[in-house]
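K.L.:
Before I ask anything, let me first share the structure, which is written out below as structure tokens.
The values are calculated or read from the model by the stated rules, or taken from the named source; none is laboratory data. Please read these numbers as outputs of a predicted model, since none were measured by experiment. Cβ placement follows ideal geometry from the backbone for every residue including glycine, while neighbour counts extend to all protein chains displayed.
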Amino acid sequence: MNKVILLNKRPQGKPTLDDFKFAEEEIPTAAEGQVLLKTRYVSVDPYLRGRMTDAKSYVPPFQLNQPVQSGIVAEVLESKSASFNQGDFVSGLLEWKEFQVSDGKGLNKVDSTAADLSAYLGILGMTGLTAYLGLTEIGRPQAGETLVVSGAAGAVGSVVGQIGKILGCKVIGIAGSDDKIEVLKSKFGFDAGINYKTAKDMKQALADAAPQGVDIYFDNVGGEVSDAVLANINNLGRVPLCGAISSYNDTEVSVGPRVQPVMVKNSVLMQGFIVSNYSAKFPESIQQLTRWLQEGKLTYTETVVEGFDQIPQAFIDLFEGKNNGKMVVKV
Ligand code: NDP
């Protein structure tokens with residue numbers, strides 16, 4: 001039988017295991033033009049929380065009692081498609097199922113000899129692209145500038161910081177534990193790190209770490225962390241708004257300082273983005289990320305959780321900061 005994970009309830013606040021339901025179905029067979037896929041790695045991502053809410057967004061919400069979808073790397077077990085061979089590995093937006101069929105639309109072949117399969121969900125996948133394109137297209141870093149990254153030890157943030165270093169910036173990361181801060185500095189080459197859970201005065205901690213002020217703020221988290229960074233933003237600063245995980249589980253609108261005066265006074269550009277806005281640039285961006293990876297200029301960490309049944313818990317753990325780098329589930 002085939003195991004499947006369905007959305008059972010729409011989470012209220014922080015997601016819980018009750019929000020998901022396991023089901024079994026017959027393993028499907030591939031019809032003409034289709035492939036039968038076996039799931040190998042599943043990406044769990046903070047943005048999936050938004051799809052669990054019945055609200056209008058850039059992607060439609062998941063339906064109750066239907067499988068959850070996310071980025072998946074799968075193996076082609078059987079092919080009745082001219083585009084794929086048995087034994088190929090593919091990545092794409094697929095369902096939380098052990099086995100599934102696909103007509104191949106939206107699937108990309110991935111090279112298991114060029115990189116670890118899980119890398120195609122992280123540094124060579126959606127999160128690597130988000131880091132590269134958000135930083136270069138909106139952040140526009142110049143050598144010598146100061147870049148601050150929140151969610152710095154996560155999948156996107158750890159790549160943003162490293163690219164900032166490659167491009168000659170001073171890079172300061174904000175993350176939620178001393179161990180994560182240590183990894184930012186020792187493994188990813190960040191110049192400084194701030195633990196937002198223990199810092200007594202974030203605004204002052206930023207001012208101390210960035211005495212020249214902040215030129216670029218790559219924002220993954222929003223909320224009070226971002227209030228503190230924006231209080232240190234420089235004239236002509238740029239703020240790529242990538243995510244706001246601190247508010248994804250809010251049941252009421254959170255209120256903070258109004259940003260307009262600081263934006264106007266400092267002529268700051270703040271721009272939200274969705275990585276797919278830049279899909280035309282994906283091929284060249286993947287080439288650049290691959291080159292930096294091969295040259296040893298970029299590296300990555302992953303938190304690999306084992307077992308299909310662990311997918312919901314791995315997703316929930318993102319909101320507790322239990323991951324270092326990209327969180328993936330190995331099936
Ligand atoms: P991460 O790997 O960064 O995992 C989430 C991390 O967020 C946790 O490890 C935790 O680290 C931190 N976190 C959790 N809760 C809070 C909180 N309340 N306040 C501050 N930090 C918190 O995830 P991704 O790298 O995949 O995603 C990072 C951000 O980028 C998310 O907001 C996501 O939605 C967004 N995103 C946007 C895309 C786009 O196209 N715009 C595409 C992909 C991602 P810690 O221990 O430091 O708290």
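K.L.:
State whether one or more residues within segment 134-143 are closer than 22 Å to E302 by Cα and assigned by TED's automatic domain parsing to the domain that holds G176. Step through it out loud before you land on a result.
P.N.:
Filtering segment 134-143 for residues closer than 22 Å to E302 by Cα gives 134-135.
Cutting the leftovers down to assigned by TED's automatic domain parsing to the domain that holds G176 gives us 134-135.
Yes, segment 134-143 has at least one match.
K.L.:
Identify the single condition in (1) within 12 Å of the ligand (Cβ to nearest atom); (2) assigned to a helix (DSSP H, G or I); (3) not polar (S, T, N, Q) that G193 does not satisfy, given that it satisfies every other one.
P.N.:
Failed condition: (2).
K.L.:
Also, I was wondering about something else. Quick one: count up the residues across segment 229-248 that are touching a strand residue (DSSP E or B) at 6+ places or on another chain (Cβ under 8 Å) and near the ligand (Cβ under 7 Å from one of its atoms).
P.N.:
Matching residues across segment 229-248 total 3.
K.L.:
Sticking with this one: Just to be sure before I move on: is A31 at pLDDT 95 or above and assigned by TED's automatic domain parsing to the domain that holds K109 in the structure I sent?
P.N.:
yes
K.L.:
When the residues of segment 125-156 are filtered to those that are outside any helix (DSSP H, G or I) and within 14 Å of the ligand (Cβ to nearest atom), which remaining residue is nearest to I172 (Cα to Cα)?
P.N.:
Checked segment 125-156; the qualifying residue nearest to I172 (Cα to Cα) is V148.
K.L.:
What number goes with the only condition from (1) more than 22 Å from the chain's Cα centre (by Cα); (2) in a strand (DSSP E or B) that Q86 does not pass?
P.N.:
So the condition that Q86 fails would be (2).
K.L.:
Which condition number in (1) within 14 Å of the chain's Cα centre (by Cα); (2) among the charged types (D, E, K, R); (3) at pLDDT below 95 is the one that E252 fails?
P.N.:
It is condition (1) that E252 fails.
K.L.:
Of all residues in segment 36-59 being away from the ligand (no atom under 16 Å from the Cβ) and farther than 16 Å from N2 by Cα, which is surrounded by the fewest Cβ atoms within 10 Å (Cβ to Cβ)?
P.N.:
Going through the qualifying residues, I end up with K56.
K.L.:
Let me ask another. What are the residue pairs meeting all of these: first residue in segment 38-57, first residue under 20 Å from G151 (Cβ atoms) and in contact (Cβ under 8 Å) with a residue 24 or more places away in the chain, second residue in a helix (DSSP H, G or I) and away from the ligand (no atom under 14 Å from the Cβ), Cβ atoms under 8 Å, and 6 or more apart or on different chains?
P.N.:
From residues that are under 20 Å from G151 (Cβ atoms) and in contact (Cβ under 8 Å) with a residue 24 or more places away in the chain, the pairs are V44/I311; M52/D19.
K.L.:
Quick one: in segment 155-192, which of the residues that are β-branched (V, I, T) and touching a strand residue (DSSP E or B) at 6+ places or on another chain (Cβ under 6 Å) is surrounded by the most Cβ atoms within 10 Å (Cβ to Cβ)?
P.N.:
Ranking the qualifying residues of segment 155-192, first place goes to V160.
K.L.:
Among the residues that make up segment 1-24, is at least one of them away from the ligand (no atom under 16 Å from the Cβ), assigned by TED's automatic domain parsing to the domain that holds V305 and touching a Ser or Thr at 6+ places or on another chain (Cβ under 7 Å)?
P.N.:
Yes, segment 1-24 contains at least one residue that is away from the ligand (no atom under 16 Å from the Cβ), assigned by TED's automatic domain parsing to the domain that holds V305 and touching a Ser or Thr at 6+ places or on another chain (Cβ under 7 Å).
K.L.:
Being more than 17 Å from the chain's Cα centre (by Cα), closer than 29 Å to S276 by Cα and surrounded by 23 or more Cβ atoms within 10 Å (Cβ to Cβ) is the filter here, so list the residues in segment 204-224 that pass it.
P.N.:
Within segment 204-224, V214, D215, I216 meet the criteria.
K.L.:
For residues that are farther than 21 Å from L124 by Cα, part of a loop (DSSP other than H, G, I, E, B) and touching a residue at least 40 places away in the same chain (Cβ under 8 Å), scanning just segment 157-189, find the one that is farthest from the ligand (Cβ to nearest atom).
P.N.:
Here the answer is C169.
K.L.:
What is the one condition in (1) among the acidic types (D, E); (2) away from the ligand (no atom under 16 Å from the Cβ); (3) under 19 Å from the mean Cα position of the chain (by Cα) that E98 does not satisfy?
P.N.:
Just one mismatch for E98, condition (3).
K.L.:
Then there is this: Scan (1) under 23 Å from the mean Cα position of the chain (by Cα); (2) at pLDDT below 95; (3) assigned by TED's automatic domain parsing to the domain that holds G189 for the single condition L269 breaks and write down its number.
P.N.:
Answer for L269: the failing condition is (2).
K.L.:
A further question follows. Inside segment 228-267, can you point out the residues that are surrounded by fewer than 20 Cβ atoms within 10 Å (Cβ to Cβ) and either β-branched (V, I, T) or on the phi > 0 side of the Ramachandran plot (or both)?
P.N.:
Scanning segment 228-267 gives L236, T251, V253, V255, V259, V262, V264, S267.
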